[in-house]
Amino acid sequence: MNPQIIITPGGERLVLVPEADFEALVAAAEDNVDRTAVAEFRRKLAAGEEELVPASVVERLVSGENRVRVWREHRGLSGAALAKQAGLAQAYLSQIETGAREGTVETYGKLAAALSVSLDDLAG
């Protein structure tokens, strides 16, 4: 690297580097951000704060299937079991899953807790 230092009329020191060197520095910084994110994910995974989700579940979520149903089925819960854990009527849960009714934020919070996911995971 062959930097050149210039001083502006206001006294600010600026470093000029060849464009290729600048691009290499940017790439190295981006790589470091990626390494840090991966390390944080691995730490959280080891601590049980994150989980690996099968591709089939992700595909269902991305395709627009009802998120509550997808997570319920992924967790191996029946509608009755989830409704009980969340303190909801089974009919209400069924209506949420079919799109016949919208749940409140409070309802989705109860469902998220029962499914061990974040509210964002259900809200999409």
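Answer yes if at least one residue in region 12-19 is touching a Ser or Thr at 6+ places or on another chain (Cβ under 7 Å), open to solvent by less than 70 Å² (accessible area, probe 1.4 Å) and more than 20 Å from VAL117 (Cα to Cα), and no otherwise. Taking every residue of region 12-19 in turn, at least one turns out to be touching a Ser or Thr at 6+ places or on another chain (Cβ under 7 Å), open to solvent by less than 70 Å² (accessible area, probe 1.4 Å) and more than 20 Å from VAL117 (Cα to Cα).
For every residue, the table says whether it meets (1) free of Cβ contacts under 8 Å to residues at least 40 places away in the same chain; (2) surrounded by 14 or more Cβ atoms within 10 Å (Cβ to Cβ); (3) outside any helix (DSSP H, G or I).
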position: THR36; (1), (2), (3): yes, no, no
position: SER56; (1), (2), (3): yes, no, no
position: LEU77; (1), (2), (3): yes, yes, yes
position: ALA113; (1), (2), (3): yes, yes, no
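For region 92-111, give me each residue that is of a type in the set (Gly, Ala, Ser) and part of a helix (DSSP H, G or I). Scanning region 92-111 gives SER94, GLY109. Would you check if GLU30 is modelled with pLDDT of 95 or more and within 30 Å of ILE5 (Cα to Cα)? Yes, satisfied.
Restricting LEU61, LEU82 to residues that are open to solvent by less than 70 Å² (accessible area, probe 1.4 Å) and under 17 Å from ALA113 (Cα atoms) narrows the list to LEU82.
Is it fair to say LEU88 is surrounded by 12 or more Cβ atoms within 10 Å (Cβ to Cβ), assigned to a helix (DSSP H, G or I) and in contact with a Lys or Arg (Cβ under 9 Å, 6 or more places away or on another chain)? No: the conditions fail for LEU88. Among the numbered conditions (1) within 21 Å of the chain's Cα centre (by Cα); (2) over 18 Å from ASP121 (Cα atoms), the only one that ARG67 does not meet is (2).
The values are calculated or read from the model by the stated rules, or taken from the named source; none is laboratory data. These numbers come from a predicted model, not from an experiment. Don't worry about glycine lacking a Cβ; one is built from the backbone with ideal geometry, like all the others, and counts go over all protein chains shown. Accessible surface areas use protein heavy atoms only, side chains included; no ligands, DNA or RNA. Shrake-Rupley method; radii C 1.70, N 1.55, O 1.52, S 1.80 Å.
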